[in-house]
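Engineer: Can you keep this structure in mind? I'll have questions shortly.
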Amino acid sequence: NIVEITAGTQNYFQSAIDYNGQLGEDVLYRLVALGRSADGPIDFSSNDAVAIAPSLTWSPDAQTSVTVLASWQKNDTTPYIQFLSPYGTLNSAAPFANGDFLPQDVFIGEPSFNYYDGERSAVSLFGDHQFNDIWGIGGSLRYTRSELDYAQMWWAYDNFDTGRYNPDGTINRAGELS
């Protein structure tokens, strides 16, 4: 059994548990859960998550086993990929832009627009029975529901002759919403 608490940079705080045991003589259980609140590595970004996954296994005899697994997970995050120009990141942007190098936490997106939020839940059932040394039967079922909301602005792929900067040192942006 494990209980974990972690803290770190970028307002990172996470707690987790993995706990298992036995209920009576023929039922095993396990509970795995996680909660995380954190900023991302760039301005206006987040990396938050909550998950829980309980399970039960019933073995009424040595030949029979039935397991039920459930899970639920919710993520509220920000896409980190910004497709930055090599000028301002790897090479100086001085020939094209209003500065030399971009800050490491620069955010090209739009704070109220950039998100990658998902929620997923699932229930699984596994069963098997061994009739003898040769014959047995087993099966499984699963139900899953998943939703995802995604929106992101990034540095547009244009102006290649000027390091992807406009003549006045600004940039164009492109985006996607799904």
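The values are calculated or read from the model by the stated rules, or taken from the named source; none is laboratory data. Computed from a prediction, not measured in an experiment: that's the story for all the values here. Note that we place each Cβ from the backbone using ideal geometry, even for glycine, and neighbour counts take in every protein chain shown. With ligands, DNA and RNA removed, areas are computed over all heavy atoms of the protein, side chains included. Shrake-Rupley method; radii C 1.70, N 1.55, O 1.52, S 1.80 Å.
Engineer: How big is the dipole moment of region 81-176 about its Cα centre under a simple scheme where the beta carbon of each Lys and Arg is +1, that of each Asp and Glu is -1, and everything else is neutral? Debye, nearest 20, please.
Structural biologist: It comes to approximately 140 debye.
Engineer: Out of Q104, Q152, Q82, any idea which swings most in a Gaussian network model of the chain, alpha carbons joined below 10 Å?
Structural biologist: Taking springs between Cα atoms under 10 Å, the residue moving most is Q104.
Engineer: List the relative contact order of region 1-133 as a percent without decimals, with contacts defined as Cα pairs under 8 Å and 6+ residues apart.
Structural biologist: In percent, rounded to a whole number, it is 21.
Engineer: Ordering W154, W58, W135, W72 by how much accessible area each has at a 1.4 Å probe, largest first, what is the list?
Structural biologist: W135, W58, W72, W154
Engineer: In square angstrom, rounded to the nearest 10, how much accessible surface does E176 have for a 1.4 Å probe?
Structural biologist: Around 80 Å² of this residue is reachable by solvent.
Engineer: Charges only on Cβ, +1 for Lys and Arg, -1 for Asp and Glu: so what's the dipole of region 114-153 about the Cα centre, in debye to the nearest 20?
Structural biologist: Using Cβ point charges on Lys, Arg, Asp and Glu, region 114-153 gives about 60 debye.
Engineer: Here's another thing I want to ask about it. Just name one of G138, Y150, F113: the one whose Cα is farthest towards the positive end of the charge dipole of region 96-178 (beta-carbon charges, Lys/Arg +1, Asp/Glu -1).
Structural biologist: It is G138, whose Cα lies furthest towards the positive end.
Engineer: Still on this structure: Nothing charged except the Cβ atoms of Lys and Arg (+1) and of Asp and Glu (-1): what's the magnitude of the dipole of region 1-154 about its Cα centre? Round to the nearest 20 debye.
Structural biologist: For region 1-154, the charge dipole is close to 140 debye.
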